[in-house]
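The structure appears below as structure tokens.
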Amino acid sequence: MAEFAQMLDLPSWSKLQKHHEELGVNIVLKEFFQKDPERFRKLSRTFKNTVDGSEILFDFSKNFITEETIQILVQVAKDAGLEKLRDDMFAGEKINFTEKRAVYHVALRNVSNQPMQVDGKSVVEEVNSVLDHMKDFSDQVRDGQWKGYTGKKIKTIINIGIGGSDLGPVMVTEALKPYGDRDMKLHFVSNIDGTHMAEALKDSDPEDTLFLVASKTFTTAETVTNANSAKHWFMEKAKDEKAIAKHFVALSTNVEEVTKFGIDKENMFGFESWVGGRYSVWSAIGLSVAIYIGFKNFHDFLAGAHAMDMHFKNTPLEQNIPVIGGLLSVWYSDCFGAQTHLVSPFDQYMHRFPAYLQQLSMESNGKAITRSGDYVKYTTGAILFGEPATNAQHSFYQLLHQGTKLIPTDFILAAESHNPIENNVHQKMLASNFFAQAEALMVGKDENQVKAEGAPDDLVPHKKFLGNRPTTSILAQKITPSTLGALIAYYEHFTFTEGAIWNINSFDQWGVELGKSLAKKIQAELDQSGENTTHDSSTSGLINEFKKKAGIA
Ligand code: F6P
């Protein structure tokens with residue numbers, strides 16, 4: 001529990017504000033580069049991926065910072081108790097105090113088997129035993145030893161889950177498609193909209209389909225309903241309840257509900273309550289990933305995250321890459337009034353990465369109450385959004401270049417493509433855009449340049465670019481399992497850093513509860529006959545109109 005109430009009360013906060021007044025208001029990024037040829041070197045950091053020796057370069061130099069800014073921000077982090085909170089997390093302390101839980105996803109990828117405990121009890125053995133189970137099972141499914149009820153090899157995997165029980169597996173299987181078993185069809189059904197399940201089933205044959213019911217709680221309405229529909233579809237053909245054992249497995253913490261659903265304990269892959277939903281792709285929830293890319297690759301994925309964990313845990317804050325990322329986010333949010341954070345991977349396989357980060361960031365830091373229970377006196381969680389480039393350039397980058405909003409942006413590129421087609425021409429074009437966007441956002445185009453290009457006077461203001469828009473460029477070698485693991489862990493610890501400075505609990509998600517309970521109540525009302533009058537006139541009016549249109553009045 002932090003000893004301070006509000007970020008603004010930190011001893012170093014006034015220093016940061018003063019620094020902002022001196023530097024922030026007059027900042028001209030391109031002049032920084034003109035004045036200091038060493039700026040790129042000074043303000044970049046390199047992450048060494050100990051799994052394969054590759055490096056990821058994080059270029060922070062096109063941000064509104066100097067070396068002094070980093071020093072002051074680091075002081076803010078120290079005053080806010082970031083190091084203690086981080087160490088408490090790695091020590092298995094219950095830092096998610098509103099749910100009285102440890103925050104221990106780092107223990108799931110502890111591939112170096114360091115001692116890790118919760119409540120004085122080692123968790124290493126249990127984590128490894130689940131991993132062994134995942135290895136055995138994924139090997140069996142991949143090599144055809146695991147057979148459906150009529151003896152067929154499994155060809156289709158349908159993961160049923162939502163939120164963290166969906167976004168991680170979807171994003172990672174997409175991002176690591178080059179490592180996937182292309183003979184296997186994957187579906188991820190999350191939405192309660194019947195269309196999602198219906199479309200997956202249309203494509204599938206019960207005899208060779210395996211359902212992974214992924215739910216930490218096993219009580220999430222969407223997942224339980226979807227899983228029951230899947231079971232009905234399956235039973236229509238299989239008839240015999242015994243066949244379920246070959247086709248349904250559960251990834252969950254809730255043995256009781258799993259058993260009630262009809263899945264044998266033997267077919268359950270467990271994890272502990274200290275794994276938050278949005279941090280669960282590293283747990284049994286990642287089983288679809290392990291099946292698709294194979295356990296060796298899944299292990300590398302964990303190992304890459306572990307390498308970033310060790311960097312976060314052991315590196316001084318000035319050099320600590322996710323800490324710098326998180327501090328910059330606080331700097332933009334609370335000194336420059338930025339409301340958003342754009343993440344654009346220049347990588348088609350990573351097309352679901354921004355969607356994954358949305359849950360990580362916004363479910364973690366979309367909070368307005370400090371750890372002491374007060375309303376915050378500053379803004380917290382940014383609105384994270386993104387799309388892969390270059391597609392995004394041809395849709396919303398206009399607003400980045402010439403709009404009125406400050407949008408701190410991360411660009412991600414891997415130097416080596418998985419598909420260097422046409423003699424790598426595509427990759428070079430992709431990379432050129434990665435460099436050009438960050439450069440254009442920074443340098444802009446002034447009136448003289450526009451005029452020199454022959455623009456008529458009335459068009460000059462329209463063709464001008466103010467520039468001076470901050471970006472962080474992240475350049476990896478190749479998107480391998482371990483690199484992806486490290487990148488995800490980078491954003492996890494980035495989010496952790498933000499939450500520590502804002503003095504909020506980044507690990508609960510009470511904000512999703514109200515809508516859930518109201519939906520339950522309304523669902524019961526939809527089955528009642530007659531006019532609904534129990535809500536405000538808008539809500540009741542909409543309910544009545546729906547019932548009429550859907551023919552259930
Ligand atoms: O409602 C939000 C949430 O609790 C997320 O945090 C979680 O990832 C998702 O629902 C799914 O939860 P479960 O895995 O328990 O079904």
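The values are calculated or read from the model by the stated rules, or taken from the named source; none is laboratory data. Every value quoted in this text rests on a predicted model; they were computed, and no experiment measured them. All Cβ positions, even for glycine, are placed from backbone atoms using ideal geometry, and neighbour counts span all protein chains on display. Just so you know, the surface numbers come from the protein's heavy atoms only, side chains and all, with ligands and any DNA or RNA stripped out. Shrake-Rupley method; radii C 1.70, N 1.55, O 1.52, S 1.80 Å.
The set of residues in segment 497-522 that are more than 16 Å from the ligand (Cβ to nearest atom) and either over 27 Å from residue 10 (Cα atoms) or open to solvent by 10 Å² or more (accessible area, probe 1.4 Å) (or both) comprises 521, 522.
Restricting the first member to segment 203-225 and to residues that are under 24 Å from residue 518 (Cα atoms) and acidic (Asp, Glu), and the second to residues that are within 7 Å of the ligand (Cβ to nearest atom) and open to solvent by less than 10 Å² (accessible area, probe 1.4 Å), the beta-carbon pairs closer than 9 Å and six or more apart or on different chains are 222/161. Per the listing 400, 360, 328, the residue uniquely within 16 Å of the ligand (Cβ to nearest atom) and open to solvent by less than 40 Å² (accessible area, probe 1.4 Å) is 360.
Only one entry in 224, 189 is open to solvent by less than 10 Å² (accessible area, probe 1.4 Å) and within 15 Å of the ligand (Cβ to nearest atom), namely 189.
Listed by position, the helices (runs of 4 or more DSSP H) enclosed by segment 177-266 that each have at least 2 residues that are within 14 Å of residue 159 (Cα to Cα) are 194-202, 221-238.
Here are some residues: 27, 70, 65. Which one is more than 22 Å from residue 281 (Cα to Cα), modelled with pLDDT under 95 and out of contact with any Ser or Thr (no Cβ under 8 Å at 6 or more places or on another chain)? The conditions single out 27.
Counting the residues of segment 338-357 that are within 16 Å of the ligand (Cβ to nearest atom) and either over 15 Å from the mean Cα position of the chain (by Cα) or basic (Lys, Arg) (or both) gives 1.
Listed by first and then second residue, the pairs linking a residue in segment 163-179 that is more than 15 Å from the ligand (Cβ to nearest atom) to a residue that is among the hydrophobic types (A, V, I, L, M, F, W, C) and open to solvent by 20 Å² or more (accessible area, probe 1.4 Å), with Cβ atoms under 7 Å apart and 6 or more places separating them unless they lie on different chains, are 173/186.
Screening residue 108 against (1) in a strand (DSSP E or B); (2) within 16 Å of the ligand (Cβ to nearest atom) leaves a single unmet condition, (1).
Taken over segment 245-299, the criterion of being surrounded by fewer than 19 Cβ atoms within 10 Å (Cβ to Cβ), polar (S, T, N, Q) and within 13 Å of the ligand (Cβ to nearest atom) is satisfied by 254, 273.
Residue-wise test of (1) part of a loop (DSSP other than H, G, I, E, B); (2) surrounded by 15 or more Cβ atoms within 10 Å (Cβ to Cβ).
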| site | (1), (2) |
| --- | --- |
| 438 | no, yes |
| 441 | no, yes |
| 448 | no, no |
| 455 | yes, yes |
| 468 | yes, yes |
| 472 | no, yes |
| 475 | no, yes |
| 483 | no, yes |
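Here residue 158 passes the criteria (1) more than 18 Å from the chain's Cα centre (by Cα); (2) more than 16 Å from the ligand (Cβ to nearest atom) except the one numbered (2).
Here is the figure for segment 334-393: residues that are in a loop (DSSP other than H, G, I, E, B), of a type in the set (Val, Ile, Thr) and under 20 Å from residue 496 (Cβ atoms) total 3.
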